[in-house]
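The values are calculated or read from the model by the stated rules, or taken from the named source; none is laboratory data. These figures come from a predicted structure and were not determined experimentally. Positions of Cβ are backbone-derived with ideal geometry, glycine not excepted, and every protein chain shown enters the neighbour counts. Note: areas computed on protein heavy atoms with side chains; ligands, DNA, RNA excluded. Shrake-Rupley method; radii C 1.70, N 1.55, O 1.52, S 1.80 Å.
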Amino acid sequence: MALSRELMENYTQILKEELIPAMGCTEPIAIAYAAAVARKILGEDPVRVAVNCSGNMIKNVKGVTVPNSGGLKGIDAAALLGIVGGDPEKALEVIAKVTDKERAKTAEIVKKHICEVSLVENVPNLYIQILLTGEHHTSEVVISKRHTNLAVMKRDGKDCGTCQEGEASHSMDQAKEEKEDSERRKMTLMDLLEYADTVDLDDVREVLERQIAFNSAIAQEGLDNAWGAGVGKTIVEQWGGNVKELACAMAAAGSDARMSGCPLPVVINSGSGNQGITVTMPVVVYAKEWHVSHDKMLRSLLVSNLVSIYIKHYIGALSAFCGAVSAACGAGAAVTYMSGGDYSHIGKTITNALCNVGGIVCDGAKPSCAAKIAASVHAALLGHYMSMGGRQFEAGEGLVEEDVEQTIKNMGYVGKVGMKGTDHEILNVMIDKVDVDSSL
């Protein structure tokens, strides 16, 4: 049955909201963005900087290199680079144009320890508060729930959320947030497949072409040069270049580069560059191997992106559940779609993948994310080949239900609710808040 015009527009809007460019791991970039906005509002150089973050933000910034920083890591480096050289109108590309002079100045300021970083409890998983103190003024900026959602903008304690034209365009009030949540709750696997089959590609071509171009470039960079632990390069060197291994390698290579400070931009999915790369590269690799038409590849990318967004919505933006899993499920579903699989086959692919690698823990953004991506894509491709061969994990086995939609919700519940304690303890270990040896 054809989708209503409202639902068609809903899916198109979701894609345009989600598939946006970002440079570097989105958590440190969001901190740089918030800091750049705070500096503009302050109107002078700060003499003191306070960055207060949720545990998940700290977890996801600790281990990655801030792009365009000259190799700096950490929350203070991200914030100070945003203050010194950030362009707040560029949102998640805020530090794309940082100069050598600004890099050097940032490195000097980092050594002066003017930036204090603190953990904030009882806030959303994605939460950043920047407090700047200058000679004459103060400013406060809060990003909450989404990487570009400017929830608070104040100068000298007074709200100025409407006075910053460039930044205000990225802000999202409570009504809009509720609307976006409602839009995603309308998603179903059946409907998103119908959308992929029937949407006028010209409505989404620009965002998809940009996703292919950006994410392919950083994946190739990861294969061609020494980034991170070289997971993508290792797969190609040791296991060869058949389509299955190349699909894993290209996705991993993009993360190799991204997690280690490569300044190339990517188009993200569900707020994550790693997830954006993961939903893209296996589809591109298989499309080339199978010589499918360009338009068919684009429709397959719609499946990949939307399945990932659909699954991740139940888990939440940041959690202890590795987002590579939901993204890889999207990629596997798209490969099944590309090969002629129907709703039943695609549902089996998703179920098979979730039952294999669902529950991989997220212990922060860092080079090892590339290996988790490779493992997740491998599981999704195994799920694909099983489903096309009529094989699947059956209802009643663990979290599996007869209906794939319910299986997805079950896994989302485990990721969002069941793994809350896991998330808390991962952070405690990472910030040395517990004595692991004495606890065992």
Task: Number of the condition not met by residue 244 [criteria: (1) part of a helix (DSSP H, G or I); (2) open to solvent by less than 40 Å² (accessible area, probe 1.4 Å); (3) within 23 Å of residue 368 (Cβ to Cβ)] - done: (2)
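Could you say which residue among 371, 334 is hydrophobic (A, V, I, L, M, F, W, C), under 21 Å from the mean Cα position of the chain (by Cα) and open to solvent by 40 Å² or more (accessible area, probe 1.4 Å)?
371
Determine whether the stretch 318-336 contains at least one residue that is over 22 Å from residue 400 (Cβ atoms) and either part of a helix (DSSP H, G or I) or out of contact with any Cys (no Cβ under 6 Å at 6 or more places or on another chain) (or both).
Yes, the stretch 318-336 has at least one match.
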- [ ] Test residue 298 against the criterion of being among the hydrophobic types (A, V, I, L, M, F, W, C), surrounded by 24 or more Cβ atoms within 10 Å (Cβ to Cβ), on the phi < 0 side of the Ramachandran plot and at pLDDT 95 or above, and give yes or no.
- [x] no
Open item on the list: Please go through the stretch 208-237 and give me each residue that is open to solvent by 30 Å² or more (accessible area, probe 1.4 Å), aliphatic (A, V, I, L, M) and more than 23 Å from residue 294 (Cβ to Cβ), ordered by number.
Closed with: 226, 229, 236
TODO: Would you confirm whether any residue within the stretch 199-207 is closer than 23 Å to residue 93 by Cβ, assigned to a helix (DSSP H, G or I) and either open to solvent by less than 10 Å² (accessible area, probe 1.4 Å) or touching a residue at least 12 places away in the same chain (Cβ under 8 Å) (or both)?
DONE: yes
Task: Qualifying residues in the stretch 384-421 (those that are among the hydroxyl-bearing types (Ser, Thr, Tyr) and surrounded by fewer than 18 Cβ atoms within 10 Å (Cβ to Cβ)) - the one nearest to residue 361 (Cα to Cα) - done: 413
TODO: Would you check if there is a residue in the stretch 272-287 being closer than 30 Å to residue 90 by Cβ and assigned to a strand (DSSP E or B)?
DONE: yes
Open item on the list: Condition (residue is polar (S, T, N, Q), farther than 20 Å from residue 74 by Cα and at pLDDT 95 or above) applied to the stretch 143-155: is it met by at least one residue?
Closed with: no
- [ ] Looking only at the stretch 101-153, count how many residues are open to solvent by 60 Å² or more (accessible area, probe 1.4 Å) and of a type in the set (Asp, Glu).
- [x] 4
Task: Residues satisfying the stated conditions in the stretch 270-285, i.e. open to solvent by less than 10 Å² (accessible area, probe 1.4 Å) and modelled with pLDDT under 95 - done: 273
TODO: Would you be able to say whether some residue in the stretch 96-117 is under 16 Å from the mean Cα position of the chain (by Cα), modelled with pLDDT under 95 and not charged (D, E, K, R)?
DONE: no
Task: Sole residue being open to solvent by 20 Å² or more (accessible area, probe 1.4 Å) and under 14 Å from residue 117 (Cβ atoms), chosen from 97, 40, 59, 73 - done: 73
